[in-house]
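Since the structure comes first, as structure tokens, the remarks are kept for the end.
Please treat every number below as a calculation from the coordinates, not as lab data. Just so we're clear, the structure is a prediction, and the values are computed from it rather than from any experiment. Note that we place each Cβ from the backbone using ideal geometry, even for glycine, and neighbour counts take in every protein chain shown.
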Number of protein chains: 2
Amino acid sequence: MNPLIFYKCLADETRLRSLLLITCEGELCVCELTEALGESQPKVSRHLAQLRSCGLLEDRRQGQWVFYRLAPSVPDWTKKVLQRTLDAERTFIDENLRKLHRMGDRPERARICC
Amino acid sequence: MNPLIFYKCLADETRLRSLLLITCEGELCVCELTEALGESQPKVSRHLAQLRSCGLLEDRRQGQWVFYRLAPSVPDWTKKVLQRTLDAERTFIDENLRKLHRMGDRPERARICC
DNA sequence: TATGCATATGCGATTTTTCATATATAATGA
DNA sequence: TCATTATATATGAAAAATCGCATATGCATA
């Protein structure tokens, strides 16, 4: 993972928040991210597709939902950068987490908690 | 330091390489960075000004040169992210370091080595 | 004055992002 | 089975942001 490509992935608000939320929650589907971010579904979907094509995320279809998680193959240092950002700036996604947890009808699946 | 602003700073090749070189060398002036990066002086200067206005770098004039270094006030986590990137992807700036060290007539000053 | 350096700016070009809309797929219920 | 609903994906085009180049300015010094 070229560091320039990695940091370009993080340099957009929708992508950065999505990555931090996924780092925190383990796995999230598009509709959950759409709700947590308060953004349009196509916008969220497009940015997730971009992160997947860079190799940062991988997806898994379960029923009608597609869940995104950090790709296991991403270099260790990039995971640590995300984790450190989350540790230091947790408040950055506080409001997004609140919206996520207030959301009703969240799809069920094996959850990985942070 | 808002993480989004920080990562936008890192999402440009000139800025990322400059920050990593400064992280490694402690302090560099514009002409040294211009040489190390092989970019035009106005381009380098413009990006350094941007990094300074974000609070990531601070400058110090000494004679005819302006030296840039990481601002002491930047949050610890951002310094650690830069250091971790450097540790993991040192080869990313190998060629820039070579050019820098081959450069003749480098301005003299108290050097801080990595 | 002349030189060497940093900085500032106007503008065109490129890239990125966003929006609107269309298509595809899966689940649900009649 | 078929229609409906809910989801993701794809795409074309507009809008916005960013970047790079050329050039001008300011400042210090020889």
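Do we find a residue being out of contact with any strand residue (DSSP E or B) (no Cβ under 8 Å at 6 or more places or on another chain), in contact (Cβ under 8 Å) with a residue 40 or more places away in the chain, within 14 Å of chain B (Cβ to nearest Cβ) and closer than 14 Å to A:LEU21 by Cα anywhere in the stretch A:47-67?
No: the stretch A:47-67 contains no residue that is out of contact with any strand residue (DSSP E or B) (no Cβ under 8 Å at 6 or more places or on another chain), in contact (Cβ under 8 Å) with a residue 40 or more places away in the chain, within 14 Å of chain B (Cβ to nearest Cβ) and closer than 14 Å to A:LEU21 by Cα.
Can you tell me which residues in the stretch B:68-108 are within 12 Å of chain A (Cβ to nearest Cβ) and exposed (fewer than 13 other Cβ atoms within 10 Å of the Cβ)?
B:ASP76, B:ASP87, B:ARG90, B:THR91, listed by residue number.
Here's a check for you: in the stretch B:27-46, which residue that is touching a strand residue (DSSP E or B) at 6+ places or on another chain (Cβ under 9 Å) and among the acidic types (Asp, Glu) is surrounded by the fewest Cβ atoms within 10 Å (Cβ to Cβ)?
B:GLU27
I'd like to check which helices (runs of 4 or more DSSP H) are fully inside the stretch A:2-114 and have at least 3 residues that are out of contact with any Pro (no Cβ under 9 Å at 6 or more places or on another chain) and either within 16 Å of DNA strand D (Cβ to nearest atom) or more than 18 Å from B:TRP77 (Cα to Cα) (or both). Let's see the steps before the verdict.
Values: elements: A:3-10, A:13-25, A:30-37, A:41-53, A:76-88, A:94-102.
Qualifying helices (runs of 4 or more DSSP H): A:3-10, A:13-25, A:30-37, A:41-53, A:94-102.
For the stretch A:57-65, state whether one or more residues are within 16 Å of DNA strand C (Cβ to nearest atom), surrounded by 14 or more Cβ atoms within 10 Å (Cβ to Cβ) and under 22 Å from B:GLU89 (Cα atoms).
Yes, some residue in the stretch A:57-65 is within 16 Å of DNA strand C (Cβ to nearest atom), surrounded by 14 or more Cβ atoms within 10 Å (Cβ to Cβ) and under 22 Å from B:GLU89 (Cα atoms).
Residues in the stretch A:1-47 that are hydroxyl-bearing (Ser, Thr, Tyr) and closer than 27 Å to B:LEU82 by Cβ: how many?
Taking the stretch A:1-47 and keeping what is hydroxyl-bearing (Ser, Thr, Tyr), we get A:7, A:14, A:18, A:23, A:34, A:40, A:45.
When the remaining residues are screened for being closer than 27 Å to B:LEU82 by Cβ, the result is A:7, A:14, A:18, A:23.
Number satisfying all stated conditions: 4.
Quick check: anything in the stretch A:28-46 more than 13 Å from every other protein chain (Cβ to nearest Cβ) and within 8 Å of the chain's Cα centre (by Cα)?
yes
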